[in-house]
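Q: Structure in structure tokens, see below.
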Amino acid sequence: MIIKRNLFDKEENYYTVVTVGTFDGVHVGHRKIIDKLVANAIANDLKSTILTFFPHPRMVLQQATDLKLLNTLDEKISILKETGLDQLIIHPFTKEFSRLTAEEYVKDVLVDNINAKKVIIGYDHRFGRNRTATIDDLIDFGEKYDFEVEQISVEEVDEVSVSSTKIRKALEEGDVKTANTFLGYSYMLTGEITQGKGLGKQIDFPTANIYIKEKYKLIPKIGVYVVKSVYNGKVVFGMMNIGFNPTVNGEKKTIEVHFIDFNEDLYGTEVRVEVLERLRDETKFDSIIQLKEQLIKDKEATLAYIAKNHAQ
């Protein structure tokens with residue numbers, strides 16, 4: 001997959017079939033659209049292309065600092081690499097870009113820089129300055145600039161919208177099973193391992209503290225989860241706590257993972273964990289001894305889950 005960080009970096013001259021969107025989560029609804037895009041490209045000897053923007057337009061135009069996304073940019077790229085997509089264009093979204101008129105957007109972006117011969121887009125797609133142009137305008141521009149427009153059905157567009165909403169709601173409620181069903185893969189968290197207080201090591205449950213720099217990344221509901229990761233090509237399982245460590249009077253929310261039967265030094269490395277199952281709420285215990293007793297139970301529950309769902 002070719003990745004371009006600016007749509008005006010035009011290096012090769014090939015025709016494309018393109019769709020435009022944020023594709024946050026790259027969930028099962030998105031996959032249907034991408035499959036259609038890829039199949040269309042193969043059938044017509046075109047390059048399947050997604051045009052997306054970063055930062056998210058709402059972050060720029062509405063300064064939506066509370067906006068939470070299902071994927072970091074790097075996570076989205078890694079997922080899209082597995083779809084058969086030929087080209088991903090991630091264009092920096094700015095206020096200046098948002099002021100392009102509808103025709104400027106079509107001519108300068110879709111035609112002159114992406115070489116679109118076909119655009120596959122939702123019936124409710126709006127574009128251009130103040131998002132005033134509709135798919136009917138795009139069809140008219142297609143006749144003028146020699147590209148075809150194919151509408152994504154109402155059902156498919158609604159499926160994408162409903163799926164995204166349900167995934168976010170499920171994660172906020174700790175319903176990992178529903179979220180992962182709609183995603184078509186296990187929800188992931190990616191971050192750098194940083195130094196913690198070392199309390200876990202003192203009670204035989206050493207943890208890796210995961211720092212996620214992307215503040216827009218949606219973090220699931222506070223609680224304890226079963227997780228999976230890959231380190232040096234080997235699958236490792238663990239239990240993750242998202243919360244404030246109330247038993248030891250923690251003051252800030254942390255993400256800590258205890259990897260089972262694992263003793264590698266991870267500090268300073270990047271780790272990606274897949275969230276498989278939620279075990280329980282975070283609890284304040286009366287003592288460290290009670291906390292350790294619960295962690296032993298959590299480990300037993302984690303091992304039981306692994307044996308049932310991930311037996312070799």
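The values are calculated or read from the model by the stated rules, or taken from the named source; none is laboratory data. This one's a predicted model, so the numbers in the text were calculated from it and none came from an experiment. Heads up, the Cβs are rebuilt from the backbone with ideal geometry, glycines too, and the neighbour counts pull from every protein chain shown. The accessibility values were calculated without ligands, DNA or RNA, using every heavy atom of the protein model including side chains. Shrake-Rupley method; radii C 1.70, N 1.55, O 1.52, S 1.80 Å.
Q: Positive end of the dipole of segment 175-288, charges at C-beta (+1 Lys, Arg; -1 Asp, Glu), about the Cα centre: which of GLY184, LEU279, PRO206 has its Cα farthest in that direction?
A: Comparing the listed Cα positions along the dipole, GLY184 ranks first.
Q: Another question, then. Consider a paramagnetic label point 7 Å from the Cα of PHE54 along Cα→Cβ; state which residues of segment 150-190 have an amide N under 16 Å from it.
A: Only 188-190 fall inside the zone, counting backbone N under 16 Å.
Q: Rounded, prolate or oblate: which fits segment 181-312 when a ≥ b ≥ c are the square roots of the eigenvalues of the alpha-carbon gyration tensor, with rounded for a/c under 1.5 and prolate only if a/b beats b/c?
A: Values: a/c = 1.33, a/b = 1.17, b/c = 1.14.
Rounded, since a/c falls under 1.5.
Q: Sorted from largest down, give the three principal axis spans of the alpha carbons of segment 36-173, whole angstrom values.
A: Dimensions of segment 36-173 along the principal axes of its Cα atoms: 48, 34, 28 Å.
Q: Which whole number of Å³ per residue matches the convex hull of the alpha-carbon atoms in segment 115-254? Could you put the intermediate results ahead of the total?
A: Values: hull volume 26.3 nm³, N = 140.
Hull volume over Cα atoms, normalised by residue count, gives 188 Å³.
Q: Evaluate the charge dipole of the chain about its Cα centre and quote only its size in Debye, nearest 20, assuming +1 on the Cβ of each Lys and Arg and -1 on the Cβ of each Asp and Glu. Provide the component values of the computation, followed by the final result.
A: Details: 42 positive and 48 negative charges, 169 e Å.
Using Cβ point charges on Lys, Arg, Asp and Glu, the chain gives about 800 debye.
Q: Using a 1.4 angstrom probe with every protein chain in place, what is the largest-first accessible-area order of GLU156, GLU270, GLU12?
A: Values: GLU156 40, GLU270 135, GLU12 100 Å².
Ranking GLU156, GLU270, GLU12 by accessible area, largest first, yields GLU270, GLU12, GLU156.
Q: Go through ILE135, VAL157, TYR145 and say which Cα lies farthest out towards the positive end of the charge dipole of segment 133-177; charges sit on Cβ, +1 for Lys and Arg, -1 for Asp and Glu.
A: The residue sitting farthest along the positive end of the dipole is VAL157.
Q: Taking R0 as 51 Å, what's the FRET efficiency between ILE203 and LYS144 from their Cβ-Cβ distance, rounded to 0.05?
A: Values: r = 70 Å, r/R0 = 1.36.
Given R0 = 51 Å and the Cβ-Cβ separation, E is 0.15.
Q: Continuing with the same structure: Could you give the length gained by full extension between ILE2 and ILE222, i.e. 0.36 nm per residue of separation minus their alpha carbon distance, to one decimal place?
A: Details: separation 220, 0.36 × 220 = 79.20 nm, distance 3.74 nm.
Gain on extension, ILE2 to ILE222, equals 75.5 nm.
Q: Also, quick follow-up: Show me, bin by bin at 20 Å from 0, the whole-percent P(r) of the chain based on Cα pairs.
A: Bins of 20 Å from zero give 29, 49, 20, 2 percent of pairs.
Q: Kindly write out, for segment 212-219 in residue order, the coupling ³J(HN,Hα) from the Karplus curve 6.51 cos²θ - 1.76 cosθ + 1.60 (θ = phi - 60°), rounded to whole Hz, with x marking Gly and Pro.
A: Using θ = phi - 60°, the values come out as 9, 6, 7, 5, 7, 6, 6, 9 Hz.
Q: A further question on this structure: Percent relative contact order of the chain, based on C-alpha pairs within less than 8 angstrom and at least six residues apart?
A: On the way: 541 pairs, mean separation 50.1, N = 312.
Reported relative contact order: 16 percent.
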